[in-house]
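Structure first, then comments.
The values are calculated or read from the model by the stated rules, or taken from the named source; none is laboratory data. Small disclaimer: the values here were computed from a predicted structure and weren't measured. Cβ: placed from backbone, ideal geometry, glycine included. Neighbour counts: every protein chain shown. Areas reflect the complete protein model, heavy atoms only, side chains present, ligands, DNA and RNA absent. Shrake-Rupley method; radii C 1.70, N 1.55, O 1.52, S 1.80 Å.
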Amino acid sequence: MNEPPIEARIELTIPARAEYITLGRLALAGVARLRPLGDETLGDLKLALTEACSNSVRHAYGDGGAGRVEIVYELRPDSIAVEVADEGSGFELASGENGRELNEGGLGIAIIRALTDELEVVNGANGTGSRLRFVKFLRHADQ
């Protein structure tokens with residue numbers, strides 16, 4: 001199945017420190033100006049992004065560890081996708097119910113899953129780094 005074309009792709013790299021997460025939220029708000037989104041949809045996306053970035057800041061590099069978080073925003077005619085990646089220690093999916101919980105950051109992942117339409121979490125090669133990608137489909141009320 002072919003995906004709709006990307007209308008805009010924005011890449012942002014921030015230091016893996018909590019005080020820089022706001023920059024990711026501001027960039028998301030800028031992307032949302034390319035196609036007006038409903039307040040609820042934008043709020044959901046900002047919260048999901050905050051949780052994804054917080055997981056990278058807290059778990060990938062440890063408290064105060066040096067590192068960076070890469071954020072990619074993709075706007076398509078029918079959706080917006082956000083990918084958050086780091087080169088930290090990664091994490092493992094727990095073997096809990098349906099294998100859908102995480103050992104660390106489980107609540108954040110549950111929040112992202114509840115707020116978005118698709119979620120993919122992938123560890124990097126050799127167990128280092130992780131990539132979290134979520135998608136929110138845009139409904140006519142949001143456009």
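Points worth noting:
- Restricting segment 9-22 to residues that are open to solvent by 30 Å² or more (accessible area, probe 1.4 Å) and not in a helix (DSSP H, G or I), the residue that is farthest from residue 83 (Cα to Cα) is 17.
- Taking segment 29-43 as the range and being buried (at least 17 other Cβ atoms within 10 Å of the Cβ) and either in contact with a strand residue (DSSP E or B) (Cβ under 7 Å, 6 or more places away or on another chain) or within 13 Å of residue 130 (Cα to Cα) (or both) as the test, the residues that pass are 31, 41.
- Matching option when the condition is over 19 Å from residue 20 (Cα atoms), over 15 Å from the mean Cα position of the chain (by Cα) and either modelled with pLDDT of 85 or more or in a helix (DSSP H, G or I) (or both), among 114, 141, 81, 110: 141
- Hits in segment 42-63 (condition: modelled with pLDDT under 90 and either part of a helix (DSSP H, G or I) or of a type in the set (S, T, N, Q) (or both)): 55, 56, 57, 58, 59, 60
- For the condition within 15 Å of residue 80 (Cβ to Cβ), surrounded by fewer than 13 Cβ atoms within 10 Å (Cβ to Cβ) and of a type outside the set (S, T, N, Q), residue 25 does not qualify.
- Answer residue from segment 91-106, given it is closer than 14 Å to residue 120 by Cα and surrounded by 18 or more Cβ atoms within 10 Å (Cβ to Cβ) and is modelled with the highest pLDDT among those: 91
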